[in-house]
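Below: the structure, in structure tokens.
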Amino acid sequence: MAEIRVNPTRMELKKLQARYQTARRGHKLLKDKRDELMRRFLEVVKRDKELRLRVEAALQKAYARFDLASAVTHPKMLEESLLLPKKQSELRVDYRNQMSVTVPDFSIRESTVGGSDAYNYGLAFTSGELDSALFELGNIRRDLLTLSAVEKEAQLLAEEIERTRRRVNALEHIMMPRYLTAIRAIKMKLDENERGNITRLMKVKDMMIAAQYKDHQEEDPADAV
């Protein structure tokens with residue numbers, strides 16, 4: 001791990017201590033964000049599982065209806081029956097913020113072709129199973145849109161969780177240890193300088209005391225005379 005190289009002064013020490021405190025606060029905030037993202041991610045995954053099971057069951061039922069309709073209807077007649085749609089749909093995409101993650105919401109606006117709810121094919125040459133299949137598909141369209149939005153939200157949340165996790169690890173295992181190492185090094189250097197200054201002051205004091213004692217000893221014989 002590369003060390004932070006700074007001048008061992010009290011000003012640099014204060015700067016590093018302020019940066020370390022900022023890193024600690026950022027680390028705590030990012031950990032809280034990561035935990036909240038994980039909580040919401042698990043909720044989205046649970047919802048996604050429920051929706052997927054419901055959609056897959058509905059699709060399986062609709063496909064079974066189509067298989068029955070294909071078995072009793074001539075292929076060309078079945079193809080012609082599905083050429084013209086009964087309804088037109090317009091997809092709308094909205095966005096919302098989820099813990100600094102922009103996630104989409106899908107909605108659909110439908111309009112009946114020709115202003116009629118009737119199917120756009122003749123009922124004489126088609127099976128009732130085709131009607132049931134189309135009805136089943138129509139019922140799960142909104143669930144399909146919701147499922148796609150939920151799965152996209154889960155993907156975006158997972159990516160944000162990974163980014164947040166990397167930032168937390170970078171602060172916890174790289175930046176904060178670097179700051180602590182630099183702070184300890186500066187404190188040791190300052191303590192060493194302070195001990196050196198104290199030692200020099202003590203030596204100067206001893207020299208001054210010795211000089212005063214010598215002067216006092218030199219003055220005593222004169223006073224005696």
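Just so it is clear, none of the values below were taken in a lab; they were calculated from the coordinates. Quantities reported herein were computed from a predicted structural model and do not represent experimental measurements. Cβ coordinates were reconstructed from backbone atoms using ideal geometry, including for glycine residues, and neighbour counts include every protein chain displayed.
Odds and ends about this structure:
- Formal net charge of residues neighbouring Thr9 (Cβ-Cβ distance under 10 Å; K, R +1; D, E -1): +3
- 12 Å beta-carbon shell around Leu59, net charge (K/R +1, D/E -1): +2
- Applied to the stretch 71-76, the Karplus parametrisation 6.51 cos²θ - 1.76 cosθ + 1.60 on θ = phi - 60° returns per-residue 3J(HN,Hα) values of 6, 10, 10, 4, x, 5 Hz, with x for Gly and Pro.
- Local net charge near Ser111, Cβ-Cβ under 10 Å (Lys/Arg +1, Asp/Glu -1): 0
- Spin-label model, Asp131 to Ala158: label points 7 Å out along the Cα-to-beta-carbon direction sit 4.3 nm apart.
- Potential lengthening of the chain between Leu190 and Asp67 amounts to 35.8 nm, from the contour at 0.36 nm per residue minus the alpha-carbon distance.
- Peptide packing for 146-158, 164-176, 45-57, 197-209 was compared via the average number of neighbouring C-beta atoms within 10 Å per residue; ordered from the highest value, the list is 146-158, 164-176, 45-57, 197-209.
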